[in-house]
Amino acid sequence: MDETTLPLTELLATDLDDGFTELVRTQAGTVRSVLLRLSGSARDADDLGQETFLRAYSALRDYPPERRGQLQPRAWLLAIAANVWRNHVRTLSRRPGVADGIEVTAIELPDGSPGPEQLALDGARRARLVAALSGLPDHHRLPVVLRHIGELSYQEVAGILDCPVGTVKAQVSRGLAALRAEPGLAADRATYRAAGAKTAAAKTAHEAARTERKEATG
């Protein structure tokens, strides 16, 4: 939006239809990414995303302008998306299979090791990562995805899950630990670190040679 455009929450408060259009434009990608990682299915993510925004619009119509103006749009939408996904899971006799073509990105491992997005260098690694994420128990997968895909704070995730912040931190930590411990991903990280070390050494040698040339010609 340019400088003359109202902030999203103010637009929602003053013009619901225009505000909702902007809400979809700015938040649809995040909502779909979260639902994609939760469901493991691109088709389900699309369907659940549509339901999320239908529920959001229905709720917004019932909110007074003051409440619409005080929303935290991303956290509010992801709370709806999480509930939609949980309702979807409850209706299934078994967890849906992982769909082809899922993009797994933006989960940073807090110990400084390369994140899963850095490990997804080829189809085999990508498949291992998708399987590992989809294999997490729901009570670990949901907070991990909300925190690292939805980019919510621990406090916002705790509000969505209706539990203490400390519980969320523990769930996220255990979920990431499970990803790190997955044998295929551990092997990929070792390969990545070795490649990174070679790249860093080569860069250092190049910089040193460049410095020597500058000093020689200076």
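Enumerate the helices (runs of 4 or more DSSP H) found wholly within region 41-91, keeping only those where 3 or more residues are closer than 21 Å to Ala13 by Cβ and free of Cβ contacts under 8 Å to residues at least 40 places away in the same chain.
Values: elements: 42-62, 65-69, 73-91.
In region 41-91, the matching helices (runs of 4 or more DSSP H) lie at 42-62.
Provide a single number: the residues in region 26-40 that are touching a residue at least 60 places away in the same chain (Cβ under 8 Å) and farther than 23 Å from Gln155 by Cα.
Going through region 26-40 one residue at a time, the tally reaches 1.
Considering region 4-25 alone, what residues qualify as being touching a residue at least 24 places away in the same chain (Cβ under 8 Å) and either exposed (fewer than 14 other Cβ atoms within 10 Å of the Cβ) or not in a helix (DSSP H, G or I) (or both)?
Thr14
For region 39-68, which residues satisfy the criterion of being open to solvent by 30 Å² or more (accessible area, probe 1.4 Å) and either of a type in the set (Ser, Thr, Tyr) or in contact with a Ser or Thr (Cβ under 8 Å, 6 or more places away or on another chain) (or both)?
Tyr57, Ser58, Tyr63, Pro65
I want to confirm something. Restricting to region 144-155 and keeping residues that are assigned to a helix (DSSP H, G or I) and more than 21 Å from Ser39 (Cβ to Cβ), which single residue is most open to solvent (accessible area, probe 1.4 Å)?
Here the residue is Gln155.
Consider Leu121 carefully, then state whether it is open to solvent by less than 60 Å² (accessible area, probe 1.4 Å) and either at pLDDT 75 or above or more than 25 Å from Asn87 (Cα to Cα) (or both). I'd like the intermediate steps shown before the answer.
Details: open to solvent by less than 60 Å² (accessible area, probe 1.4 Å): no; either at pLDDT 75 or above or more than 25 Å from Asn87 (Cα to Cα) (or both): yes.
Criteria not met by Leu121.
Select from region 144-191 the residues that are touching a Leu at 6+ places or on another chain (Cβ under 9 Å) and among the hydroxyl-bearing types (Ser, Thr, Tyr) and write down the one among them that is modelled with the lowest pLDDT.
Result: Thr191.
Look through region 156-171, keep the residues that are without any contact (Cβ under 8 Å) to a residue 24 or more places away in the chain and among the β-branched types (Val, Ile, Thr), and return whichever of them is surrounded by the most Cβ atoms within 10 Å (Cβ to Cβ).
Filtering first and then ranking leaves Val157.
The values are calculated or read from the model by the stated rules, or taken from the named source; none is laboratory data. Since this is a predicted model, take the numbers as computed values, not measurements. Reconstructed Cβ throughout: ideal geometry from the backbone, glycine too, with neighbour counts over all protein chains shown. Protein only, heavy atoms only, side chains kept; ligands, DNA and RNA dropped before computing areas. Shrake-Rupley method; radii C 1.70, N 1.55, O 1.52, S 1.80 Å.
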